[in-house]
Amino acid sequence: MSAEAQAGLGDRLGQTRRSFRGWRGQRPFWGGLLTLLGGIPIMYFPYANLSLGSMTIRMSTTAGAGSLIIGVLLVVLGLTLWFQPMSRIFAGVAAILLALVSLVVSNFGGFVIGFLLALLGGALGISWGPARAAKETGGAKPADDADSRKGEPVAFDAFGGGSDDLSGTSPNGNDGTNGRHRAG
């Protein structure tokens, strides 16, 4: 290969890497990956055979179909976290619940490996939030809260902190009505 061909390959590889990094930053990538990887041991171990010399140990259980269903659902939830990032809360909660169910159904959750991976992946999926665009903040550093709220009405919650909800529809009483309903 010539030096020019290698330089072109490096540019393409760099562009592909940058576009993957951008794609990865717009979704809960690591949560999806861990959830997907957590489903694999959960659905694999109930159907695996362990050979020790001439002796074969079958690890299948009566709940093999349940393990397969849980594992496949965890893989699908991991892919959902990647390709539907707006449903990350549902997918994360479902992954955590399936990981907990796998402890009982599937050989202690794929011998705890799949359980821990799915549990951590679901938690990462729930906790991920999309980054704010530079356009929303005007491209500048966000101003201090006290400076940016001058002249705005502020409702105080029960602990003395300010609340943003002044609509009167907050169920927890942080709307300045102290838990009372308004008439009219």
Give me the pairs, please: first residue somewhere in the range 55-72 and in a loop (DSSP other than H, G, I, E, B), second residue anywhere and modelled with pLDDT under 85 and loosely packed, with under 13 Cβ neighbours inside 10 Å, beta-carbon distance under 9 Å, and either six or more positions apart or on two chains. 59/48; 59/49; 59/50; 60/48; 60/49
Yes or no: residue 51 modelled with pLDDT of 90 or more, surrounded by fewer than 17 Cβ atoms within 10 Å (Cβ to Cβ), of a type in the set (Ser, Thr, Tyr) and more than 14 Å from residue 77 (Cα to Cα)? no
Hey, can you tell me all the residues within the range 7-44 that are open to solvent by less than 40 Å² (accessible area, probe 1.4 Å) and closer than 19 Å to residue 131 by Cα? 22, 27, 28, 29, 31, 32
Being part of a helix (DSSP H, G or I) and in contact (Cβ under 8 Å) with a residue 24 or more places away in the chain narrows it down to one of 13, 119, so name that one. 119
Restricting to the range 98-115, name every residue that is free of Cβ contacts under 8 Å to residues at least 24 places away in the same chain and open to solvent by 70 Å² or more (accessible area, probe 1.4 Å). 100, 104, 108
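The values are calculated or read from the model by the stated rules, or taken from the named source; none is laboratory data. Everything quoted here is computed from the prediction, not taken from an experiment. In this analysis, Cβ positions are derived from the backbone assuming ideal geometry, glycine residues included, and neighbour counts consider all displayed protein chains. Note: accessible area is taken over every heavy atom of the protein model, side chains too, but ligands, DNA and RNA are not part of it. Shrake-Rupley method; radii C 1.70, N 1.55, O 1.52, S 1.80 Å.
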